[in-house]
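Structure record follows, encoded as structure tokens.
Coordinate-derived values only; no laboratory data. Bear in mind the structure is a predicted one, so any value in this text is a computation, not a measurement. Because the Cβ atoms are built from the backbone with ideal geometry, glycine has one as well, and the counts that use them run over all protein chains shown.
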């Protein structure tokens with residue numbers, strides 16, 4: 001469901017910039033066997049260039065999981081993450097960065113992020129239940145509860161109910 005959001009119009013009006021890890025320039029580098037660290041540095045430069053050229057209000061980066069699976073040294077992952085988040089913070093843009101939960105990479109990104117929201121889904125009986133909870137939000141008091149997340153053609157809503165009986 002698109003909820004009536006026109007992402008192309010948002011990008012055209014510089015309200016939003018979407019940075020996809022499948023960007024053609026980055027894909028070309030991946031196919032010619034560029035060192036994973038260099039690949040991540042080039043991705044950071046792509047984000048920086050978009051922020052400077054477009055000056056969006058919002059930035060959406062999808063999905064960083066594959067990048068961090070390619071780098072074996074935890075210190076290097078943390079350093080690259082800090083660099084990326086530092087650029088985003090200095091631009092003043094509000095950013096949403098998605099990651100999967102494979103191989104514990106979320107711990108590295110959660111460390112540098114100002115806020116971490118976890119979306120999950122699981123089968124309970126014959127139903128697929130989507131849930132949401134806030135792992136952290138710097139400077140804010142958060143509820144320590146997991147809530148049901150309802151997604152429909154009318155939009156997204158967070159229920160006061162817990163997905164667990």
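Between residue 38 and residue 58, with labels modelled 7 Å along Cα→Cβ, what's the label distance in nm to one decimal, could you check?
3.6 nm
Kindly provide the pair-distance distribution of segment 115-165 built from C-alpha pairs, with 10 Å bins from 0 and whole-percent values in order of increasing distance.
For segment 115-165, the pair-distance distribution reads 24, 51, 22, 3.
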